[in-house]
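The values are calculated or read from the model by the stated rules, or taken from the named source; none is laboratory data. Note that the structure is predicted; figures quoted are calculated from it, not measured. With ideal geometry, Cβ positions are generated from the backbone for all residues, glycine too; neighbour counts draw on all protein chains shown.
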């Protein structure tokens, strides 16, 4: 696992890119939602309904974008393997707070700036926005701490010696305390299997190959062929090999060793 100073410039830049990515992905959805709310309000022929529609659309936009961006941030922490110590956690929470910051007054069209209900709606928007920000930061903090707890559990599993065995070539090798090859046996710990699952997410073929590895383990038969299949598929997916190289040292060590042995 990487042990770096909290939120180095490269990681901060990556977080910014994720924020922009979410903005672009949600732009049409949020614009459509606002248009529908305002249209429905206009159909009521009630002047008080229109500023409320703007208020609800703005709150929906904030919640949608911030929630999805925080999810991306926590995923980036997981992929990057960052040590979530108190200092790192504090800076990440600060990033969550930055996402929820912004104006507490709505921007209405010019003809609505002085309507009789405007100030009441502005006040309610400010209160609702504050409550929403607190809730979203709390949710992000909880996800971050859950990730930390999961890593502790992974470490306990790894240290317990739980592993799978499968036949391999004769030899003795130790790779990053993850793979032990000796007397025609390979040994993979549970943490490495979980890395395989994480890397496979989102790719149907890789997910199926990862499941085959686990099913073979459950049957107690050699999963060597299944691991070879998974590693071969991995090499055909654009960008995944680089992702493994950067963020998953256990898998990088495993794949390198299999290549050295001529198994892939």
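Looking across 190, 201, one residue alone is at pLDDT 80 or above and within 17 Å of residue 81 (Cα to Cα). It is 201. Of the residues making up segment 106-130, those that are closer than 25 Å to residue 20 by Cα and surrounded by fewer than 11 Cβ atoms within 10 Å (Cβ to Cβ) number 1.
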